[in-house]
Structures are given as C-alpha cells and as structure tokens.
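So the structure is just underneath, and the comments pick up after that.
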Amino acid sequence: MAHPVQLGLQDATSPIMEELIAFHDHAFMIVSLISFLVLYVLSSVLTTKLTSTNITDAQEMETIWTILPAIILVLIAMPSLRILYLTDEINNPSFTIKSIGHQWYWTYEYTDYGGLIFNSYMLPSLFLNPGDLRLLEVDNRVVLPIEAPVRMMITSQDVLHSWTIPTLGLKTDAIPGRLNQTTFTAMRPGVYYGQCSEICGANHSFMPIVAELIPLKIFEMGPVFTL
C-alpha cells in the first residue's frame, strides 16, 4: 500500500513486479548518469574559456557520440522487451477468475467453483470500520490464492475500464466485447488495493479493487469466505 511522501514504487508481491522494479532502477541509473554528464558538459562550457578549435572536425568524437547513444538504447530496450514478453506469458494457470467492469463497480466470477458470482462496490464513508481506507475499501473483496498461477479474464459491460493492482504488477484494460487475460503468481498473503486506471466516467475514481491473498490450502477449502 502506498503511503504519504513515498518516492519509490510499492513493495512487490509478484515476480513480475520484482522484475519491473529492477528495470525501473536499471533505467533510472542510466538516466541519472546521462543527466550528470550533460550537466557537467554544460557547466564546463559556461565556465571554461574555449581556446581550441581542433574539435570542430573530430571524426572520432562524432563516431563516439553516435554509437554511445545506440548502445544505451539497447541496454534499456533488451530488459524492457524481456519483461514485456513475460507479462504476456500464460503458463498453465491453476485458477481462472473473470472480472467484469461496470459503471462503477466490479463483478467477479469464479468459474472453477460452480459459477460463483458477486459484485464489489466501494464502501461509503458511513460504513467504514476503524482502519479501513476511505475510497479504497469494498464490500466484497476478491479472494485469490498465493503461490499458484492465477489467470484473470477481464472485460467490460459498458465503457472502457482498467483492472489494476500496482503491487502485483497488474494493469489490464477491460474493453466491451473483448476478453483480455493476464496471469500472476502472488508470493505472500495480505490485502492489496488498486483502482480503475481508465477514465471511465464521472465516478471513475470510485470503483476500487481489493484483492485478499490467502494461502492455497485455505483457498481450496471453498469460496464461501469471499462474501
């Protein structure tokens, strides 16, 4: 869960999010080095008296500043493409759960458990218990197992939505007439919050997502605890 004055990303709960955080740090280091180099060159130009004109026709320097940016782009693109393909990979999911976006709430279908269906609405402020998060708590959480690959089938019944949980590294658009899918494997139990990340209308900011991750043995006992 994010907290005030937080500068970094949320703690990772899935391997994909760990990869995304590692790539963020990798790219940030490269951008920081480039920024310091440009700042140093600018300060040198402003503070140094230029008396040499030999660099106006330096083929070696032109070769370096042409090849070096290409190498930097490759160093950024290769891990980025690797993570991109990892996020789209589907590896024999153990469970399939369908999420349907509405204006402005979510519907979840547990297709592997006799077609269990329930809606998930944001809790009004008057119904919040001590410790609940305003605008983020819901009446029915989606309960998911840890240490097991889960496939989320995501669609919408009216307008564009986006099913997003940052700590799991998940962000998949819910499109009317289209069934998108994403997979994840959570590594530790807990309650994790997300929101619709698509501007879907007047109450766009009032359709939160709450995922309660529990051990696999408890999840296999039955889905009655989701309500």
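What to note about this one:
- Contact order for the chain, expressed relative to its length and based on alpha carbon pairs under 8 Å spaced 6+ residues apart, stands at 21 percent.
- Here the dipole of the chain is about 200 debye; that uses its Cα centre as origin and unit charges on the Cβ of Lys and Arg (positive) and Asp and Glu (negative).
- 1.4 Å probe accessible area per residue over the chain, in Å²: 62
- Solvent exposure ordering (accessible area, 1.4 Å, most first) of E137, E220: E220, E137
- Projecting the Cα atoms of M207, G101, Y192 onto the charge dipole of region 95-221 (Cβ charges, centred on the Cα centre) puts Y192 farthest toward the positive pole.
- Eligible lysines near K49 by straight Cα distance, threshold 28 Å, same-chain separation 8 or greater: none
- Relative to the current alpha-carbon distance between I199 and R82, full extension at 0.36 nm per residue lengthens the span by 39.2 nm.
- Straight-distance crosslink candidates among lysines, where the alpha carbon sits under 28 Å from K217 and sequence neighbours closer than 8 are dropped: K98, K171
- Residue list for region 66-81, given a label point 7 angstrom along the Cα-to-Cβ vector of V31 and an amide N cut-off under 15 Å: 73, 76-77, 80
- Simple label model, 7 Å out from Cα along Cβ direction - V38 to Q157, nm: 4.9
- Counting only DSSP beta bridges with both residues in the chain, the antiparallel share comes to about 70 percent.
- Entry note, the chain: the mean residue ellipticity at 222 nm calculated from DSSP H runs of n ≥ 4, each adding -39500 (n - 2.57), is -10000 deg cm²/dmol after division by the residues and rounding to the nearest 500.
- Scanning the chain for trypsin sites (Lys or Arg not before Pro) lying in DSSP loops with no more than 13 further Cβ atoms inside 10 Å, the longest uninterrupted stretch between such sites is 50-133.
- Just the protein heavy atoms count here, and of the accessible area of the chain at 1.4 Å, carbon and sulfur take up 63 percent.
The values are calculated or read from the model by the stated rules, or taken from the named source; none is laboratory data. Everything quoted here is computed from the prediction, not taken from an experiment. Using ideal geometry, Cβ is built from the backbone for each residue, glycine included, and neighbour counts are taken over all protein chains shown. For the accessible areas, the whole protein counts, side chains as well, though only heavy atoms, and no ligand, DNA or RNA atoms are used. Shrake-Rupley method; radii C 1.70, N 1.55, O 1.52, S 1.80 Å.
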